[in-house]
Each structure stands twice: as C-alpha cells, then as structure tokens.
Amino acid sequence: LSNKEIATFEEENSLDAAYSYAKSLLLKAMYSEWGIRDKLYAKEYTKDIVDKVVTKLKKERLIDDKKLCKEYISYGNNKLWGKNKIIQELKKKGVFEETLKDLVFSPRTELVKVNKLLPRLEKKYSNLPTSDKKQHIYNAIISQGFTHEIAVEVSRKAKSTKEK
C-alpha cells in the first residue's frame, strides 16, 4: 500500500470511529450540533472529521437544534420553568443564538405555569410573615425563569399569612 492509500484508510477509520461515538452519545441523550462538535473535539478528532460527522448526522436527522428546542421547551414546561430558564438551559446545551432568537413563548402558557407553581410556593413559605412570604415567592418565580412582570403580578396574588 502507498502512503496515500494508508492515509485514506486511516481517515476513513477515524471517520467511522467518530460517527459511531457520536451515535452512541445520541442514543443516551439529545445533543445540539455544538454539543456533538464539542464532544468530538474533546476526543481530538480533526475539524474535517467533525464537519463530516455533523453533516452526516444532520442528513440523517439525528441532530436538529430546532427539534431539540421544541422538545426542551416541552420538558421545561412540564418542570414549570419560565422562558428565561428554558433559554438559559438551551444555551448551556450549546444551541446557537440564531436558533434561540426564533423561539416563541406564549404569555398565556407562562401564566398557566406560574399559577400552577404558586400554591407550592405559598405552602413552602406559609410560616413567614406576609411581606417576607411575598418576597420569597417573587424570588422563587424569578429563579424559575419567569419575567419580572409575571413575578410581581403573581407574588401579589399570594394569600396573606395569618398572624399568630
């Protein structure tokens, strides 16, 4: 075999190994394009190999950032997360900013989620005086990724604590 044939064989072998590794990752969890690239670069695959693997995975629809966003929004909605927390988590997963800017969150859905969250928070902070309770509820709503406006509106709805 010539050196060129050996190099071609090694590249094909490396491409197969990288593709197999990427598919094994995708069997365990959903990854963004950047997430897969990051994992492949960590295994020290070349840019050329990584680009080829990502292209192949996209053609096979095994990675799709828009689909990942849609599924993660559903997951976040079930966890009663606000849009800010969902977007923050998607950024951590490596979803590109241009994909995130196209996401649409229904204000109605945000209110439904936060209103489901309110009874839990009222119970959690039930022994606090009313002003402290409302402040804690506000902070908890913000930490769950809801906007300031929603947090203010919902924390005002919190029931007053009966003085002992």
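The values are calculated or read from the model by the stated rules, or taken from the named source; none is laboratory data. Nothing here was measured: the structure is a model prediction, and the numbers come from that model. FYI the Cβ positions are ideal-geometry reconstructions off the backbone, even for glycines, and counts take in every protein chain you see. For accessibility, only protein heavy atoms count, side chains too; no ligands or nucleic acids. Shrake-Rupley method; radii C 1.70, N 1.55, O 1.52, S 1.80 Å.
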- Query: Quick one: GLY94 ticks every box in (1) touching a Lys or Arg at 6+ places or on another chain (Cβ under 6 Å); (2) of a type outside the set (A, V, I, L, M); (3) under 28 Å from SER32 (Cβ atoms); (4) open to solvent by less than 20 Å² (accessible area, probe 1.4 Å) bar one, so which box is it?
  - Reply: (1)
- Query: Does region 29-39 contain any residue that is of a type outside the set (D, E, K, R), within 22 Å of the chain's Cα centre (by Cα) and over 21 Å from GLU89 (Cβ atoms)?
  - Reply: no
- Item | Residue count for region 114-144, restricted to those that are open to solvent by 80 Å² or more (accessible area, probe 1.4 Å) and in contact with a helix residue (DSSP H, G or I) (Cβ under 7 Å, 6 or more places away or on another chain) | 0
- Message: Checking the condition surrounded by 13 or more Cβ atoms within 10 Å (Cβ to Cβ), hydroxyl-bearing (Ser, Thr, Tyr) and within 22 Å of LYS70 (Cβ to Cβ), which residue from SER14, SER32 passes?
- Response: SER32
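In the set ILE150, ILE142, which member is over 22 Å from LYS66 (Cβ atoms), of a type in the set (A, V, I, L, M) and at pLDDT 95 or above?
ILE142
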- Message: Here's a check for you: in region 35-48, which residue that is out of contact with any Phe, Trp or Tyr (no Cβ under 8 Å at 6 or more places or on another chain) and within 28 Å of GLU71 (Cα to Cα) is surrounded by the most Cβ atoms within 10 Å (Cβ to Cβ)?
- Response: ILE36
- Return the only residue of LEU111, LEU80, LEU57 being open to solvent by less than 100 Å² (accessible area, probe 1.4 Å), under 24 Å from VAL152 (Cβ atoms), modelled with pLDDT of 95 or more and over 8 Å from the mean Cα position of the chain (by Cα). LEU80
- Task: State whether the residues of region 1-9 include one that is in contact with a helix residue (DSSP H, G or I) (Cβ under 9 Å, 6 or more places away or on another chain) and surrounded by 13 or more Cβ atoms within 10 Å (Cβ to Cβ).
- Result: no
- Query: Taking the condition polar (S, T, N, Q) and either open to solvent by 40 Å² or more (accessible area, probe 1.4 Å) or over 30 Å from TRP34 (Cβ atoms) (or both), does THR147 pass?
  - Reply: no
